[in-house]
Amino acid sequence: MANPTSPSFALRILTGSQAGQIVPLNVGYNLVGRSPSCQIKLASNSVSKEHASILLTEDGKVILTDMNSRNGSFVNGLRVQNQKLNAGDKLTFHDMVVDVLELPPGFDPRFVQGGVAGGVPMPAWAGAAAINAPSPHQFAGNHPSAAAHDLYASAAAAESPEEQVAPQPNYTGNGFLDFFENIRIYFDHVAMPGVYSVVQRMNYRQGLMLFVTLYVIMVTVVATVPMVTLTKKSIRQESVRRAKTIARNLAAINRQAILERNEVAVTVRLAELEEGVSNALILSKDGTILAPANKRGEFSKLPFVNQARREERETEGFIDDSNLGVAVPISRYNPDAGSQEAAAYAIVLYDMGSMAMNPAQTLGLFIQIFLLAGLIGAVLYFFLQRVVEHPLQLLGLQLDDALREGRDDLSTPYQYPLLEKVISNVNSALTRAANSGGGYQSPSAVLNRDIEATNVVRMLPVPAVSINAIDDRIISTNSNFDQLLGGGIALVGRGLNEIPDPALQANLRDLVPKMREQLGSIAFSEIPFSGSIYEINGQAIVGNGGEAAWYLITLHRAGGS
């Protein structure tokens, strides 16, 4: 049972689609990987199914062990096999970065259970804790436990739903700014993770091409719609102007015949010959048709004609989407009224179909705009690709030189805050690597201490066992050791307390602190086995940091070879 007053720990995911999630560590082993059976599930194909394990002991120690993963495990930029972790350490599992968060004693893990550990959304009353959770940048210079305490305080305030109906928002007093802040939060935590997941399924250049293609399509659509609208408006205006011109000419031609009341001389022949004119009429004031001759004496039933006859001025109106009508009065002087009055009307019905854009023309306009936008998009893609890749290429070249020459002075000429932060972290990692003993070592050159221990034990002809110096875990045993214990027992990966022989277990527990304190010396003990006395010799194998990495223990029959 864990001590309720001892600190508890959690991992906070800093990168990828799970960025911001906080996963509590349970006492015991916590598997890290992409397998559904892992307690800490990371959504990345580059992470092994069971990538690493993190042991949280009852006394509050956190120990990371890489499980021979394909891409390795890194702590603060250095590849490790076994490593004791402290609050604030940054762990890297290929492309996934997490940090260790120390929670206050007695912290209720329900408040962070909304992470990948439980797969259960955080309760509504704990929403404030999630929103106000510390960002990764807050850990740069602050102790992690302080940030965790803020998280705890936010969640604890909402622990009693009956006392607090809804969490209090972080109100700034400006509704306009709050609105845009809510939009930003929505895009960062809802919309953009979906976009990131799409881009992660393709390589970088394909993703960039996808966005440029979407840009070209949107520009084409946005440009085509107003272009078609403006074109239609221009066509309507030109059609009205042309129809009025034809109607005025028609009124001028027939004015003299109307004034002389010579109805036989009234004609619409010239107007009917004009392109786009679907009908031309001369109406008397009482509404009878004077021309054309084949309709003389009839009454027009067209709605526009009857409406225009009631006006004493030029009138135009759209009958439908493709037809319009124009009426021009033919005036004469009325001596009784002492003013001009309409004696007749020249009416022209005009069909805009000959000038209007048809679907083929609209499609042609769309294709032209699309080709132009595509050409501009191709140029944009070329420059964007170069602008994004060039800072990374320069950084890669500098990093190669720094690794060869042992320097830690990477820099960038670009004013790019995120890249500058990455460079700062790389410089820090190079500095720590140089100070940890002999300069930087590439991941492939880092010695896997578990493999080393296993190989040494297997080569020994006497019973031998290797024990991890960090968590007292049994790394390996050889066949002689297994036979001495009776065989059929798999001790690899288990603790010393699981050795079935109590006497051997007690002797090894006594030897471990001696080997740790006497680096470079052999610790000695004796134990009876099957009626014989066996000498137990233990030697601590020192790691890069000058501390014990693992212990080699051999058993020799006293007086024998």
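The values are calculated or read from the model by the stated rules, or taken from the named source; none is laboratory data. Remember, predicted model here, so these are calculated numbers, not experimental data. Ideal geometry is used to build each Cβ from the backbone, glycine not excepted, and the neighbour counts take in all protein chains shown. Ligands, DNA and RNA are excluded from the accessible area calculation, which covers all protein heavy atoms including side chains. Shrake-Rupley method; radii C 1.70, N 1.55, O 1.52, S 1.80 Å.
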Quiz item: What does the charge count near residue 257 come to, summing +1 for each Lys or Arg and -1 for each Asp or Glu among other residues with Cβ under 12 Å from its Cβ?
Solution: +1
Quiz item: Round to a whole number: what % of the accessible area of the range 456-522 belongs to carbon and sulfur, probe 1.4 Å?
Solution: 49
Practice problem: Could you list, in their original order, any pairs among 41/514; 49/84; 61/90; 233/301; 244/301; 49/90 whose Cα atoms are separated by more than 27 Å? | Solution: 41/514; 233/301
Quiz item: Which order, highest average first, do 256-263, 23-30 follow once you tally other Cβ atoms within 10 Å for each residue and take the mean per peptide?
Solution: 23-30, 256-263
Quiz item: Sorted by accessible area with a 1.4 angstrom probe, largest first, how do 321, 409, 66 fall?
Solution: 321, 409, 66
Quiz prompt | For q = 0.22 Å⁻¹, Debye-computed log10 I/I(0) when each Cα of the range 176-232 counts as one equal scatterer | solution = -0.86
